[in-house]
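Heads up: the structure comes next, in structure tokens.
The values are calculated or read from the model by the stated rules, or taken from the named source; none is laboratory data. Remember, it's a predicted structure, so these values are computed and weren't measured experimentally. Glycine also receives a Cβ, built like all others from the backbone with ideal geometry; neighbour counts cover every protein chain displayed.
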Amino acid sequence: MSEAVTPSPTPSVGDRMRQLPQSGGALARTADVDTRLVGLLVALAVIWIGFNIATGGSFLTARNLWNLSVQSASIGIMATGMVLVIVSRNIDLSVGSMLGFIGYTMAMAQTAWLPQAFGLGLGHEAIWIITVILGLVLGLGMGLLQGFIIAYGFIPSFIVTLGGLLVWRGLIFQYAQGQTIAPLDTTFRLLGGGPQGSLGEWGSWALGLIAVVVVIAGLLLLRRRQAKYGFQVRPIWATIILGILAAVIILGAVWVTNAYPWPENLAAQYARQNGIEVPPGGLVIPTGIAYPVLIMIGVAILMTHLAERRRFGRNVYAIGGNPQAAELSGINTKRTIMLVFGVMGLLAGVSAVVQTARLNAAVTGLGVTNELDVISAAVIGGTSFSGGIGTIPGAVLGAVVMQSLRSGMVQMKVDSPTQDIVVGIVLVAAVGFDAWLRRRST
Amino acid sequence: MSAIPQEAKPTPPPVSEEGYLVEMRDVSVSFGGVHAVNGVSIDLRPGEVLGVVGGNGAGKSTLMKVLSGAQIPDSGQILIGGQMASIRNTRDARAYGIECIYQTLALADNLHAPANVFLGRELTSRTGVLDDPAMEDATRRVMKRLNPRFRNFRMAVASLSGGQRQSVAIARAVHFNATILIMDEPTAALGPAETEQVRALIRQLKEEGLGIFLISHDIHDVYDLSERISVMYHGKIVDTVDRDDVTIDQVLAMIILGKKPDEVTEAELEALHASG
């Protein structure tokens, strides 16, 4: 084993500190971090600071950032699945319609079917659980059906999901007949966020601390595993800086969500109900991380694991890189493609929960043009249409970038058509810039 | 703890009583009435390179696809080590120790070398998580044997040179203890130095007792490396000859005219030389 590789003599920490690389790109490479992701973070910082200046300081407020996080959640969740779809050289145009159909079905289930047909009273605590499971299973099923037609029917995904876009939306109109279903189950509603649909102060801090511990443990574990085989290990200064950076970002985000207090009247109402004496100046209840954001973070972690640490993910990337090679190497490419669409459908189900819960209603237009936002988020996040390239964290950041643009422009009172024009230009420019960088690096 | 793969050891491959690793008997494949491969029989011994040559469309690649499981034949038999073998797909072929290095390399350009070596056969921990360090370690060991100068284990193979990419493709075959190797135009995309590297590798693998089918347009490659040469013409085997019994010119004549050396007339040979 020891003779397998010859590690270069390990320089001391001091030596390594002195060998700090000069340029930013070289620095990122030495530190073994994703330069594309760093670039995206920089772009986001520029957008945030720019809007903050343009709006006279109202953009970088706890309240706005908290809202931004909730608004990004639904698109961010689906964008993680769209990465795998596009990486495998496919596209899914049906996610918005799937979301609408699933959302509508869940609304029907919790307001009509479960309370009436199954005799669960309105507000029964099982209703929200059954509804969510129904939505997820339905999404998975719809995705798998489309995936089956694409993979085994040899019909291009563009066509199948374009069909899906029309069919699922049409079905909503058929059985909804233009009606809006509202209000929804009170527990279900919490999944959409809002002051009560959040983790609260101590829960958020606890989760933040756990996350910091997990990230640092992960960084150290990776070092140990690489060292075990005598591989080149990320320099210790990079590990330390990355660890500190992660801790600052995580705890900073928690701090921001906690700096956003419940609205005064809601806090007063809460105080009355729980017999809390309202201190002078009003009761301040920190909101904490909203449930949809928690869901998005959970989804992003699971999807990253699936994409990078699982055979399934590796095979998806292989198919995107060279479909013939994947086939010849014995990968079951048809099954893999079908499952990719299954995952996409499942995530549309998750987003349907978030969106209907947030709206506290199901409307016929639920999710319209979401497919465009989701695809844009994935692409801004560095997913390449030529296949095989794209990351989950990139797509989530892409969703945040998109939402930041929209939200900032709303605050600057830019009208909706102008917003579309700007987002459209940014999308094309981002992809063009990315392609230019890629050409330069090879 | 993760399973660390054992170093590829040259285990004595199974051979038939006559000493053959592989015997393909009377294999036929047709595409819409065209006989791409027409009743071909071919065999291979351990430690031998069998050159398979022929013009474009002679059926070499299709014949080899049958053996590697990428093409199901219309008829014919395949014997591995004297036993009837059923090869329906590439997985079956691999189970028999047959590995194929394709002309197009069949690499996923966006993945790094270890991911390509283990493509479709990824190592995982007990919980099903990819064991990338173990795969990198195994790849480093194979590469140490094949191409000691290979360094870029974490770079997408798209950015590697032709020779390095070929090393990755060969590492994939070798790591899994292949006993029968099919090399389809292994030097077609390579420069002179890299070609020499691959040739050295072929000789080394031969020493280790592997049987190699070498498909190539480059008659010099085949002539230099092979023990025997099978010439295909319009889907049939013209003849299989010992390399030491023929000249390059005679092999060329077989490829172009589709006749055995003793059937070729002086006039035909003249015409051949005249034309080029």
Quick one: residue A:253 ticks every box in (1) more than 14 Å from chain B (Cβ to nearest Cβ); (2) crowded, with 16+ Cβ neighbours inside 10 Å; (3) more than 30 Å from residue A:352 (Cβ to Cβ); (4) among the hydrophobic types (A, V, I, L, M, F, W, C) except a single one, so which number is it?
-> (3)
Options A:367, A:408, A:390, A:382; residue that is in contact with a Lys or Arg (Cβ under 8 Å, 6 or more places away or on another chain), at pLDDT below 95 and buried (at least 21 other Cβ atoms within 10 Å of the Cβ) = A:382
What are the pairs, 6+ residues apart or on separate chains, where a residue within the range B:30-48 that is over 20 Å from residue B:14 (Cα atoms) and touching a residue at least 12 places away in the same chain (Cβ under 8 Å) has its Cβ under 7 Å from a residue that is polar (S, T, N, Q) and in a strand (DSSP E or B)?
-> B:35/B:28; B:36/B:30; B:37/B:28; B:38/B:28; B:39/B:28
When the range A:243-263 is examined, which residues are found to be touching a helix residue (DSSP H, G or I) at 6+ places or on another chain (Cβ under 6 Å) and either of a type in the set (A, V, I, L, M) or in a helix (DSSP H, G or I) (or both)?
-> A:243, A:246, A:247, A:250, A:251, A:254, A:256, A:257, A:258, A:259
Just checking, how many residues over the range A:147-180 are modelled with pLDDT under 95, within 27 Å of the chain's Cα centre (by Cα) and surrounded by fewer than 22 Cβ atoms within 10 Å (Cβ to Cβ)?
-> 1
Exactly one condition in (1) touching a helix residue (DSSP H, G or I) at 6+ places or on another chain (Cβ under 6 Å); (2) more than 30 Å from residue A:371 (Cα to Cα); (3) in contact (Cβ under 8 Å) with a residue 60 or more places away in the chain; (4) of a type outside the set (Ser, Thr, Tyr) is not met by residue A:169; state its number.
-> (2)
Residues of the range A:78-110 that turn out to be surrounded by fewer than 21 Cβ atoms within 10 Å (Cβ to Cβ) and assigned to a helix (DSSP H, G or I), as a count | 1
Looking only at the range A:347-364, decide whether some residue is free of Cβ contacts under 8 Å to residues at least 40 places away in the same chain, surrounded by fewer than 21 Cβ atoms within 10 Å (Cβ to Cβ) and not hydrophobic (A, V, I, L, M, F, W, C).
-> no
Among the residues of the range B:48-63, write down those that are part of a loop (DSSP other than H, G, I, E, B) and modelled with pLDDT of 90 or more.
-> B:48
Residue hits (the range B:161-188; touching a residue at least 40 places away in the same chain (Cβ under 8 Å) and either farther than 15 Å from residue B:117 by Cβ or in a strand (DSSP E or B) (or both)) are B:179, B:180, B:181, B:182, B:183, B:184, B:185, B:186, B:188
Out of the range B:106-132, which residues are more than 7 Å from chain A (Cβ to nearest Cβ) and of a type in the set (Asp, Glu)?
-> B:131, B:132
Is it true that residue A:272 is under 30 Å from residue A:126 (Cβ atoms) and at pLDDT below 90?
-> yes
Looking only at the range A:295-315, which residues are more than 11 Å from chain B (Cβ to nearest Cβ) and in contact (Cβ under 8 Å) with a residue 24 or more places away in the chain?
-> A:295, A:296, A:299, A:300, A:303, A:304
Can you tell me how many residues in the range A:377-401 are within 14 Å of chain B (Cβ to nearest Cβ) and either assigned to a helix (DSSP H, G or I) or within 20 Å of residue B:155 (Cα to Cα) (or both)?
-> 9
The number of residues in the range B:64-89 that are loosely packed, with under 15 Cβ neighbours inside 10 Å, touching a helix residue (DSSP H, G or I) at 6+ places or on another chain (Cβ under 9 Å) and either not in a loop (DSSP other than H, G, I, E, B) or not small (Gly, Ala, Ser) (or both) is 1
Looking only at the range A:327-342, decide whether some residue is within 19 Å of the chain's Cα centre (by Cα), surrounded by fewer than 21 Cβ atoms within 10 Å (Cβ to Cβ) and among the β-branched types (Val, Ile, Thr).
-> no
Mind counting the residues in the range B:139-160 that are within 9 Å of chain A (Cβ to nearest Cβ), over 12 Å from residue B:116 (Cβ atoms) and surrounded by 16 or more Cβ atoms within 10 Å (Cβ to Cβ)?
-> 2
For the range A:213-231, the count of residues that are under 20 Å from residue A:38 (Cβ atoms) and surrounded by 13 or more Cβ atoms within 10 Å (Cβ to Cβ) equals 4
When residues of the range A:411-442 are limited to those that are outside any helix (DSSP H, G or I) and in contact with a helix residue (DSSP H, G or I) (Cβ under 7 Å, 6 or more places away or on another chain), the one surrounded by the fewest Cβ atoms within 10 Å (Cβ to Cβ) | A:442
When the range B:174-205 is examined, which residues are found to be within 13 Å of chain A (Cβ to nearest Cβ) and surrounded by fewer than 23 Cβ atoms within 10 Å (Cβ to Cβ)?
-> B:176, B:184
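Give the residues of the range B:90-102 that are within 11 Å of chain A (Cβ to nearest Cβ) and either within 27 Å of residue B:33 (Cα to Cα) or surrounded by 23 or more Cβ atoms within 10 Å (Cβ to Cβ) (or both), sorted by residue number.
Within the range B:90-102, B:90, B:93, B:99, B:100, B:101, B:102 qualify.
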Index of the failed condition, residue A:318 passing every other in (1) surrounded by 20 or more Cβ atoms within 10 Å (Cβ to Cβ); (2) under 30 Å from residue A:354 (Cα atoms) = (2)
